[in-house]
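Reviewing the structure listed below.
Just so you know, all these numbers are worked out from the coordinates, no wet-lab data involved. Note that this is a predicted model, so its numbers are computed, not measured. Glycine gets a Cβ as well: all are built from the backbone with ideal geometry, and neighbour counts include every protein chain shown.
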Amino acid sequence: DSFNVHVGEGINASARDEFTILDGKDGVTFVTHMIHVTAQTSAQFARMGEVGAKAIWSPQSNIDLYGRTADIPAAMNHGVVVALGTDWTPSGTMNLMTEMKCALHISDSYWDGRLTYQDLVNMVTVNAAMATGLEDRLGQLKPGYFADILVIASDEEDPYKALVESRPEDILLVTVSGQPAFGDTAMLGEFADDFDMTRCEDLAAAGW
């Protein structure tokens, strides 16, 4: 259902040729999800869009390691579904909240604001589910899906902007499959009738 592979991680011809080699072995298909694609050409993105292959983008790590990142506008122009990930911590960001801000900065600085707040939220929700072959159970809030939910505090009216601009200290609640995993004490108290609160422990996180 899902073939996740690092492809085009770099900016030289060798990194670019990885795609050609993979495609020559019939490895570029609708279940292929390519991590990084930093070296990809417009023609290669067109090939991805043609077969439904997805891209998983880690801009902060790309910039730190190679001085540039994938041409995401070209990928999107060719209909490629793009997800956003943090890569590893030595060169990537600590969490997706920061990675979204990095992606927004790149878009505003170099791509004339091509990426909207909704684009960025989709990249960490529905697109991310599609880019891991889990779109039938993750990435959306709907019946039959795992209730993996993030609740944040914000005065922003635009929900997409609110999430992109949020910080770890804004997190009020995280649930995994509908069960509380982390959150503000008052918010967790709402689960007291259905959840064994003795399993919880206090800890300081993100300044509170």
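With springs only between Cα atoms under 10 Å, which of ALA13, ALA162, ALA39 fluctuates most in a Gaussian network model of the chain?
ALA13
What ranking, highest mean first, results for peptides 41-53, 171-183 when packing means the other Cβ atoms within 10 Å averaged over each residue?
Per-residue mean Cβ counts within 10 Å order the peptides as 41-53, 171-183.
Once every Cα of segment 9-157 carries one equal point scatterer and solvent is ignored, give the base-10 log of I(q)/I(0) from the Debye formula at q = 0.14 Å⁻¹, two decimals.
-0.69
Amide H neighbours of ILE35 under 5 Å, at least 5 residues apart or on other chains, H built in the peptide plane: list them.
Excluding prolines and chain starts, which carry no amide H, the hits are VAL5, HIS6, VAL7, ILE56.
At 222 nm, what helix-only mean residue ellipticity would the chain give, in deg cm²/dmol to the nearest 500, using -39500 (n - 2.57) for each DSSP H run of four or more?
Roughly -9500 deg cm²/dmol at 222 nm, from the helical runs in the chain.
Can you compute the FRET efficiency between ASP155 and ASP1 using 1/(1 + (r/R0)^6), with r the Cβ-Cβ distance and R0 = 30 Å? Round to the nearest 0.05.
My answer for the efficiency is 0.15.
Treat segment 120-198 as a sphere of radius equal to its Kirkwood radius over Cα pairs and apply Stokes-Einstein at 37 °C in a medium of 0.692 mPa s; give the translational diffusion coefficient in µm²/s, rounded to a whole number.
Here the translational diffusion coefficient equals 238 µm²/s.
What is the ratio of the Cα radius of gyration of segment 67-117 to 2.2 N^0.38 Å, where N is its residue count, to two decimals?
Dividing the Cα Rg of segment 67-117 by 2.2 N^0.38 Å gives 1.15.
What ³J(HN,Hα) values, in whole Hz, does the Karplus curve 6.51 cos²θ - 1.76 cosθ + 1.60 give for segment 3-10 when θ = phi - 60°, with x put for Gly and Pro?
10, 9, 8, 6, 9, x, 7, x
Say we join alpha carbon atoms closer than 10 Å with springs in a Gaussian network model of the chain; which of ILE56, ILE21, ILE11 then has the biggest fluctuation?
Judging by the Gaussian network model, the answer is ILE21.
Go ahead and set up a Gaussian network model of the chain, Cα springs under 10 Å, then flag whichever of MET197, MET187, MET34 fluctuates most.
Maximum fluctuation in the GNM of the chain, among the listed residues, is at MET197.
With the contact rule set at Cα under 8 Å and sequence spacing of 6 or more, what percent relative contact order holds for the chain?
Answer for the chain is 13 percent.
From the backbone phi of segment 125-137, what are the Karplus-calculated ³J(HN,Hα) couplings (6.51 cos²θ - 1.76 cosθ + 1.60, θ = phi - 60°) in whole Hz, Gly and Pro given as x?
Rounded to whole hertz, the list is 10, 5, 5, 5, 5, 5, 7, 10, x, 10, 5, 8, 9.
How much of the DSSP beta bridge set in the chain is antiparallel, as a percent to the nearest 5?
Of the beta bridges lying entirely in the chain, close to 40 percent run antiparallel.
So what J values fall out for segment 192-198 if you push phi through Karplus, 6.51 cos²θ - 1.76 cosθ + 1.60 with θ = phi - 60°, rounded to Hz, Gly and Pro as x?
Those phi angles translate into 4, 6, 10, 9, 6, 5, 5 Hz.
What angle do you read, to the nearest 10 degrees and between 0 and 90, between the alpha-carbon axis of helix 13-24 and the longest principal axis of the chain?
Compared with the principal axis, the helix lies near 90 degrees.
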